[in-house]
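Trainee: Let me begin by handing over the structure; questions about it come next.
Throughout, read-outs are computed from the coordinates displayed, never taken from laboratory work. Values in this document were obtained by computation on a predicted structure and should not be read as measured data. Heads up, the Cβs are rebuilt from the backbone with ideal geometry, glycines too, and the neighbour counts pull from every protein chain shown.
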Amino acid sequence: MKRNFILAFILLFSVYSIFSAELDPMLNMVKNKTDNFQVSKQKIERIASSTLQMETVNQQKVVNLIMMVDDMSVVNEIDFDYSIISEGIITARVPIDKLPFLANSEKIKYVKTSFKRKPVNDIAVPKMNSDDVHNLSGYQYYGNDVLVGVIDTGIDLDHPAFRIDGNAANDTRILYLWDQTVSGSGVSVGSFSAAYGREWTSSDINDGSCTQIDSHGHGTHVAGSFAGYDSNYTNRKGSATEADIIYVKTSGSNIIDGIEYMSERAAQIGKPIVINVSWGSQYGPHDGTDPDPQALNSIVSDSNGNTIIVYAAANEGNTGVHGYNDSVDTSGGEIDFNIGSYTPESGSSTDHLRFMFYYDSSVSTDIRITDSGGNTTSWFGPTSGYHSGTTGDGTGYYIESTTSALSFNSNIKRIFVYLGETDTSNESNYPRAGTNWKFEFRTSSNTTRIDGWLYDDNLGGQNQNLAQFSVADIQSMTLGNDACAENVITVAAYVSRSNWTAISGTLSYGYSENEIAPFSSRGPTRDGRQKPDITAPGSIILSTKSSNDSVGDDFLPSDGGEYYRYLQGTSMAAPLASGAILLMKAMNPDWDYSDMLSYFQTHSQGTSQYSNQGSWTKEWGWGVIDVTDAINTQPIEDDEEKWANLNQNYPNPFTDKTNISISLKNTGKIKLMVCDSKGRVVKILFEKYIKTSEVNKIIQWDGKDESNTPVSNGIYYVVLEVNDNKYIKKMVRIK
């Protein structure tokens, strides 16, 4: 059973010479630069601070880690805070002086730094046909029976969109809010607990004692796209407009903890939950085998279908973060990259690039680097240690190349490359701006494909993708690493709006409407699985604005700029998809994530510029999300009490006429009618009291309304009412 411990056992700091657990490259870099941790605690902290993303807790430096564990009894040997996510997966906040213990433990398989992820509507909801679900007569679904889960930068507690009935004077819809970013006594729910952050309840929010704010604005915008409803701006709603909310505010380091907390809290409440994650990182092998994706898989599978996790694909479809060479042999092969112009930042360890390369574990591969001046290093082969030095143009380098397969995936080996200033270098060791570089690889025998990701671009303090691989097909395999998890639903973005009207005027990025968004990350996964799964609107999405977020006039609408703003990205597409998926879950309670994926394969829609829905592509997945076919069109009844069958009309789609077949099982009053997507009756086709118990009828609709006027193209519903029961089918009129 999953538990969390804060043990009283005191681990005395000691020096270890045997390191049994496999450490990820960034932890290894600290270990190697401190002579296997055989230096003072102060020096370890200084070096770790330049390499790892650390936090200060109770005046102590800690690093957030996730571990794969072979023997769970290891929890009885540690004295720092940790949480058990599932059997064999643990997250922890580890003081620097405890790293030797982790490295030495024979019970721990792999230790990975929790590298910080980055955060990656009035026109969008109709694009997915969520309004069809909201408005169809007699079948109104707003998500009441399913919980909204969001982990992001925070949420504006006073925004009317998150208050009952969209009224700022009413109580909040937020049931629980865990702020991971502040000091507090932590959380404990079900089988999960964590000894950091502070949890707030709906009572705290309603009485004004909750002090959480969203100064970034990303999280409020995401929550609005997912579940917002403002009675003053009803056309700017999300999909799950009446669902209660569980929220986690994060800095990006503890995503897995936040997801597990929301899953456990939902289980305690007794409702399923759809969790949106609009954060991502390129750190990892992009095949779903490393600790974070495995933790996500476990959370979903452990929930018995009650937790569905939706991930943004990432916003790096056009940034050149992925490079590859599909045929490296003994004669060698190269992967080129270039660095744009920037001004180096003052201070050591500030300007650097970090790359990770993966290749077949059955071969051994060497690497060398050609710098901006054409200077080439020596060949560096796999080693249990590392290679470091300075290239001819003065750039510092550190290379770690594994000698054997990775502990969590026996099919791959890894090469880690750090270019730039390190802790012991001076400020002149930064990567040169405006230059072309080259990685060369060669095998000792046989041939392998090599895939690499630039997962940390920290040049000039900008983190703005200033370095890029220059191979021809850079757009493939650019999904975030966690979005490659098997059990999550991964969402790409398309251009639902190409221009927008702001306070400053009408603006445009120059995108083509109804095309895939240029920034939307592409699949497949490194191991060839089909991700992304689905596409949703993601360009210039109008949604809720945090009152603590400072926004320029270019991104404020001319009406309602106090409460709304424009943003774009797969960060915006994911919550729109999450809202639609929540409605699908509400309508089909037995569906789990795999049922959702099966539905998308045959029930997605296209756009005016894209018509390959139903055939997976690396850009669109299976197509644009469309919830209308997920409407539960037959009431849940015992077979012997079933009143009627409504069969799918034919032909469908139709141009002029279509046939509707019904079968009546019992006597009663029946009505057959056509409704539009707003639930309004277009035409009553048949209305009569039937006295016989068995009737089969075929009724033709000529595509005209009650006034005998041909209806326009679009989606319509045929609705059969039998006594108090309704049966519904969707049909499409085209000309």
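Trainee: Amide H of LEU479 versus every other amide H placed in the peptide plane: which residues, excluding those fewer than 5 positions away on the same chain, fall under 5 Å?
Mentor: For LEU479, whose amide H was placed from the backbone, the distant partners under 5 Å are ARG522.
Trainee: Assuming R0 = 41 Å, what is the FRET efficiency of ASP79 and THR201, from their Cβ-Cβ distance, to the nearest 0.05?
Mentor: Numbers: r = 31 Å, r/R0 = 0.75.
Calculated transfer efficiency: 0.85.
Trainee: Within the range 196-253, report the chymotrypsin sites (Phe, Trp or Tyr not before Pro) that DSSP leaves as loop and that have at most 15 other Cβ atoms within 10 Å. Write out the running numbers ahead of the final one.
Mentor: On the way: sites: TYR196, TRP200, PHE226, TYR229, TYR233, TYR247; in loops: TYR196, TYR229, TYR233.
Loop-located and lightly packed - none at all.
Trainee: Limiting things to C-alpha atoms, what are the Rg and the maximum Cα-Cα separation (Dmax) for the range 445-592, in angstroms?
Mentor: Every Cα atom of the range 445-592 included, Rg and Dmax give 18.4, 66 Å.
Trainee: Right, something else. Taking each pair of different alpha-carbon atoms in the range 686-735 once, compute 1/r for the pair, average those values, and report the inverse of that mean as the Kirkwood hydrodynamic radius in Å to one decimal. Don't skip to the end; give the middle numbers.
Mentor: Values: mean 1/r = 0.0760 Å⁻¹.
With all distinct Cα pairs of the range 686-735 included, I get 13.2 Å.
Trainee: Please list 481-487, 162-168 highest first by mean number of surrounding beta-carbon atoms within 10 Å per residue. All intermediate terms of the calculation are to be shown ahead of the outcome.
Mentor: Numbers: 481-487: 26.3, 162-168: 17.7.
The peptides rank, most packed first, as 481-487, 162-168.
Trainee: Enumerate the calculated ³J(HN,Hα) couplings along the range 486-491 in order (Karplus 6.51 cos²θ - 1.76 cosθ + 1.60, θ = phi - 60°), each rounded to whole Hz, writing x wherever the residue is Gly or Pro.
Mentor: Values per residue, Gly and Pro as x: 4, 9, 10, 9, 9, 10 Hz.
Trainee: Hey, another quick one. Can you give me the P(r) profile for the range 639-733? Cα pairs, bins 10 angstrom wide beginning at 0, each as a whole percent.
Mentor: 16, 52, 27, 5, 0
Trainee: Charges only on Cβ, +1 for Lys and Arg, -1 for Asp and Glu: so what's the dipole of the chain about the Cα centre, in debye to the nearest 20?
Mentor: Values: 59 positive and 88 negative charges, 201 e Å.
Its charge dipole is roughly 960 debye.
Trainee: With unit charges on the beta carbon (Lys/Arg positive, Asp/Glu negative), name the residue among SER73, SER105, VAL39 whose Cα is farthest towards the positive pole of the charge dipole of the range 4-114.
Mentor: VAL39
Trainee: Arrange MET477, MET731, MET596, MET72 by Cβ neighbour counts within 10 Å, fewest through most, would you? Walk me through the intermediate numbers first.
Mentor: On the way: MET477 26, MET731 19, MET596 23, MET72 14.
Lowest to highest Cβ neighbour count: MET72, MET731, MET596, MET477.
Trainee: Order these by the 10 Å Cβ neighbour count, fewest first: THR241, THR544, THR350.
Mentor: Details: THR241 25, THR544 31, THR350 17.
By the 10 Å Cβ count, ascending, the order reads THR350, THR241, THR544.
Trainee: Can you order the peptides 528-534, 598-604, 307-313 by their average number of other Cβ atoms within 10 Å per residue, highest first?
Mentor: Result, highest mean Cβ count within 10 Å first: 307-313, 528-534, 598-604.
Trainee: Can I ask one more? Add +1 for every Lys or Arg and -1 for every Asp or Glu among the other residues with Cβ under 15 Å from the Cβ of VAL363, and state the total.
Mentor: Numbers: positive: LYS413, ARG414, ARG442, ARG449; negative: ASP326, ASP329, ASP360, ASP366, ASP451.
Charge balance in the 15 Å sphere: -1.
Trainee: Give me the distance between the Cα centres of the range 493-536 and the range 317-331, rounded to whole Å.
Mentor: First find each Cα centre; the distance between them is then 24 Å.
Trainee: With N residues in the range 149-245, what two-decimal value do you get for its Cα radius of gyration over 2.2 N^0.38 Å? Could you put the intermediate results ahead of the total?
Mentor: Details: Rg = 13.4 Å, N = 97, 2.2 N^0.38 = 12.5 Å.
Here the answer is 1.07, to two decimals.
Trainee: Quick query: amide H of GLY184 versus all other amide H atoms, modeled in the peptide plane; which residues come in under 5 Å with a sequence gap of 5 or more or a different chain?
Mentor: Distant-sequence amide H within range of GLY184: GLY197.
Trainee: Using just the helices of the chain, give the 222 nm mean residue ellipticity in deg cm²/dmol: DSSP H runs with n ≥ 4 each add -39,500 (n - 2.57), and the total is spread over all residues, rounded to 500.
Mentor: Working: 11 runs with 107 residues, N = 735.
So the helix-based figure for the chain works out to -4000 deg cm²/dmol.
Trainee: If you plug each phi of the range 492-509 into the Karplus form 6.51 cos²θ - 1.76 cosθ + 1.60 with θ = phi - 60°, what whole-Hz ³J(HN,Hα) values come out, in order, with x for Gly and Pro?
Mentor: Once θ is set to phi - 60°, the couplings for the range 492-509 become 8, 10, 10, 7, 7, 9, 9, 8, 8, 9, 10, 4, 7, x, 8, 10, 7, 8 Hz.
Trainee: Run the quick spin-label model on THR709 and ASP326: label points 7 Å from Cα toward the beta carbon, then report their separation in nm to one decimal.
Mentor: 5.5
Trainee: Under the rule a/c < 1.5 gives rounded, and otherwise a/b versus b/c splits prolate from oblate, where does the range 322-474 land using the Cα gyration tensor? Present the calculation step by step, with values, prior to reporting the outcome.
Mentor: On the way: a/c = 1.81, a/b = 1.61, b/c = 1.13.
Here the range 322-474 falls in the prolate category.
Trainee: I would also like to ask the following. Under 5 Å between amide H atoms, partner at least 5 residues away or on a different chain: which partners does GLY332 have, H built in plane at 1.01 Å?
Mentor: Result for GLY332 returns THR443.
Trainee: Further question: Shape call for the range 216-362 from the C-alpha gyration tensor, a ≥ b ≥ c root eigenvalues: rounded (a/c under 1.5), prolate (a/b greater than b/c) or oblate?
Mentor: Prolate shape, in that a/c is at least 1.5 and a/b is the bigger ratio.
Trainee: So, one more: Which entry in [x] 207; [y] 174; [z] 160 matches volume of the Cα convex hull per residue in Å³ derived from the coordinates of this structure?
Mentor: Read-out taken from this structure: [y].
Trainee: Any idea which of GLN53, THR403, ALA502 is furthest toward the positive side of the dipole for the chain, if Lys and Arg beta-carbons carry +1 and Asp and Glu beta-carbons -1?
Mentor: Of GLN53, THR403, ALA502, it is ALA502.
Trainee: Quick check on packing: order 250-262, 35-47, 569-581 by the mean number of other C-beta atoms within 10 Å, highest mean leading. Before the final figure, lay out each step's value.
Mentor: Numbers: 250-262: 25.3, 35-47: 15.2, 569-581: 32.2.
Result, highest mean Cβ count within 10 Å first: 569-581, 250-262, 35-47.
Trainee: Another one. Of LYS41/LYS413; LYS683/LYS729; LYS531/LYS729; LYS271/LYS669; LYS438/LYS618; LYS671/LYS730, which ones are farther than 25 Å apart at the Cα? Don't skip to the answer; put the middle values down first.
Mentor: On the way: LYS41/LYS413 32 Å; LYS683/LYS729 15 Å; LYS531/LYS729 30 Å; LYS271/LYS669 36 Å; LYS438/LYS618 27 Å; LYS671/LYS730 17 Å.
Violating the 25 Å limit, Cα to Cα: LYS41/LYS413; LYS531/LYS729; LYS271/LYS669; LYS438/LYS618.
Trainee: Please arrange LEU23, LEU685, LEU582 by how many other C-beta atoms lie within 10 Å of their C-beta, fewest to most.
Mentor: On the way: LEU23 22, LEU685 18, LEU582 32.
Going from sparsest to densest Cβ surroundings: LEU685, LEU23, LEU582.
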